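Rule-based calculations on the coordinates, nothing more; no lab input. This structure is a prediction, so every number in the text was calculated from the model and none was measured. Glycine also receives a Cβ, built like all others from the backbone with ideal geometry; neighbour counts cover every protein chain displayed.
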């Protein structure tokens, strides 16, 4: 948790400020726990674990998004003995701008000695191998944010997050693989990192609130060394959250509900 705080530049959990026992784990920081225990020989060619991997030709994977719920009566805390259960929710074939793709939904439930703490459903998409990058049409955001923050993800930033989450997916740290094999202009920002940055933006904006739920979807890739703007706006049901890429297009959109 301290190492993630240093990676994210958190103003409370940084340097050698070790969180005390019973400190509540911030929402989305669970990604550094329960890493995949996979031998290198068992990884897929892209470096990712092969669990729930569909058959050929669906060999290239992207993180679509996730939705999460947190238990206000039993938040995950430093020092808890916690367990995660993983299960396949469903898989579907869909037709899209990159042709036929396999969509896979995976449930991740975390509990401690008092019961459930959080529930997450992840969505991944698997494409056939691409010969060129199919750039999506940019979506412009017309609404103005109530609060925002701009960051430029460096290669060190992405490497540290990959290391902390034990994520060896090559598109995040291997420039040659990302550009020559998967035809991207550079290494990609992790989908769950984008989600974490958004929910951290909200957490700093409403520090006394409890975040009950968060759902987000990655629409277009975000790349290393390209500026991105994290934005948030109060809505009737909570907060709208989104990220604009370096071209001003909508890259990630999400929403969160809170209680104060």
With only helices counted (DSSP H, runs n ≥ 4, each -39500 (n - 2.57)), the per-residue ellipticity at 222 nm for the chain, to the nearest 500, works out to -3500 deg cm²/dmol
Highest mean packing first, using Cβ neighbours within 10 angstrom, the peptides 139-152, 229-242 sort as 229-242, 139-152
Taking 153-160, 167-174, 88-95 and ranking on average Cβ neighbours within 10 Å, highest first, one gets 167-174, 153-160, 88-95
Using the Kirkwood radius over Cα pairs of region 105-197, the Stokes-Einstein translational diffusion coefficient at 37 °C and 0.692 mPa s, in µm²/s and rounded to a whole number, is 201 µm²/s
Over region 161-260, the quotient of the Cα radius of gyration and 2.2 N^0.38 Å is 1.18
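Once you sort the root eigenvalues of the Cα gyration tensor of region 1-85 as a ≥ b ≥ c, which label holds: rounded (a/c under 1.5), prolate (a/b larger than b/c) or oblate (the other case)? Can you show the working numbers first?
On the way: a/c = 2.31, a/b = 1.89, b/c = 1.22.
Cα axes put region 1-85 in the prolate bin.
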Ratio for region 49-104, C-alpha Rg to 2.2 N^0.38 Å, reads 1.60
Once both label points are put 7 Å beyond Cα along the C-beta direction, the residue 183-residue 43 separation in nm becomes 2.4 nm
Label model pair residue 17, residue 85: point-to-point distance (7 angstrom along the Cα→beta-carbon line) in nm is 3.7 nm
If R0 = 45 Å, then residue 51 and residue 144, at their Cβ-Cβ distance, give a FRET efficiency to the nearest 0.05 of 0.60
In Å³ per residue, the alpha-carbon convex hull of region 25-126 encloses 113 Å³
Cα-based Debye curve of the chain sampled at q = 0.10, 0.18 Å⁻¹ gives log₁₀ I(q)/I(0) of -0.50, -1.76
FRET efficiency for residue 159 and residue 236 from the Cβ-Cβ distance with R0 = 41 Å, rounded to 0.05, comes out at 0.55
